[in-house]
Amino acid sequence: MFLNIPLIEWIGYFASVVVAVSLTMSSIIRLRWLNLAGSAFFSFYGFAIESLPVGLLNLFIVFVNIYYLLAIYSRKDAFKLIAIKHDNPYLKYFMDYYHLEISKFFPDFDSRKNNILEERKNPLSLLVLRNAAVAGIFLGQIREDEMMVDLDFVIPEYRDMKPGHFLFGKNAGYFKSKGILRIVSPAKNQKHAKYLRHMGFSEEKNETPETNFVKNL
């Protein structure tokens, strides 16, 4: 008993909150995991208060979420990189369409966008395809044996780390074929820094205020 409310009711409230939060997730995987947790608590709650419709319905939802999560994790996706020109009309449209999402990871991108597209020397612009759909874009510039990352962005539906592992892991030979021995990426916030560490980047100590992460190929 807490605040004169039985513990079992708190479990019901908690399950409601978890399910509600799950529906706000843009990532399908996060939605499924949170919805699975919320449904499991709701199922327990339903059986505990002897409400079979609530318990059985949410138990069914638990198994539905497990089924789709297993399908997602066992699915073999087809990834491909397509090199495009920096003035490609689709690239500009993509960045305009997702500019709010991009700004979450690259807060200064709007102010740098034209500069990046028009003034990069030795630019490399890539579309990251996943099952023939554009999952993200990569923009960088080659400086001798180094790749400076200007933008590495994946749309919310595909943020399960697989595009990043393909780009920086399985497909590292693509960069090597261009004489690139290391990739340098700034981290604009903690989320981006966490992603870079997950991709095998390590923080580079320097005297500039901006934190750079480096991955040797």
Region 82-217: relative contact order as a whole-number percent, Cα under 8 Å and 6+ apart: 19
Roughly speaking, what is the stretch gain from E118 to I11, that is 0.36 nm per residue apart minus the C-alpha to C-alpha distance, in nm to one decimal? 33.0 nm
Ranked from highest to lowest mean number of other Cβ atoms within 10 Å per residue, what is the order of the peptides 169-181, 70-82, 21-33? 21-33, 169-181, 70-82
Return the long-range amide H neighbours of D160 (sequence gap of 5 or more, or a different chain), with a cut-off of under 5 Å between placed amide H atoms. none
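Using a simple charge model, +1 on the beta-carbon of Lys and Arg, -1 on the beta-carbon of Asp and Glu, nothing else, what dipole does the chain show about its Cα centre, in debye to the nearest 20?
So the dipole magnitude of the chain works out to roughly 660 debye.
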L124 long-range amide H proximity, modeled H, under 5 Å: G140, Q141, I142
When the Debye formula is applied to the Cα atoms of the chain, each taken as the same point scatterer, what base-10 log of I(q)/I(0) results at q = 0.07, 0.11, 0.14 Å⁻¹? -0.32, -0.66, -0.90
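In this model, which of K121/K170; K92/K191; K121/K194; K162/K191 are farther than 22 Å apart at the alpha-carbon?
Beyond 22 Å: K121/K170; K92/K191; K121/K194.
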Each residue of region 39-55 in turn: what ³J(HN,Hα) in whole Hz from Karplus with 6.51, -1.76, 1.60 and θ = phi - 60°, glycine and Pro shown as x? 5, 5, 5, 5, 4, 4, 4, x, 5, 5, 8, 6, 9, 4, x, 5, x
Helix-only CD estimate at 222 nm, as mean residue ellipticity for the chain, using -39500 (n - 2.57) per DSSP H run (n ≥ 4): -15000 deg cm²/dmol
Report the calculated FRET efficiency for I72 and L100 (r = Cβ-Cβ distance, R0 = 25 Å), to the nearest 0.05. 0.45
Got a sec to turn the phi values of region 104-121 into Karplus ³J(HN,Hα) couplings, 6.51 cos²θ - 1.76 cosθ + 1.60 with θ = phi - 60°, whole Hz, x for Gly and Pro? 5, 9, 10, x, 9, 5, 4, 6, 9, 4, 4, 4, 5, 6, 9, 10, 5, 9
Mind checking which of G200, I49, S39 is farthest towards the positive end of the chain's charge dipole, using Cβ charges of +1 (Lys, Arg) and -1 (Asp, Glu) about the Cα centre? G200
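Quick note: the coordinates plus some simple rules give every number you see, no bench work behind them. Everything numeric in this text was worked out from a predicted model, so none of it was measured. Here Cβ is always computed from backbone atoms with ideal geometry, including for glycine, and neighbour counts include all displayed protein chains.
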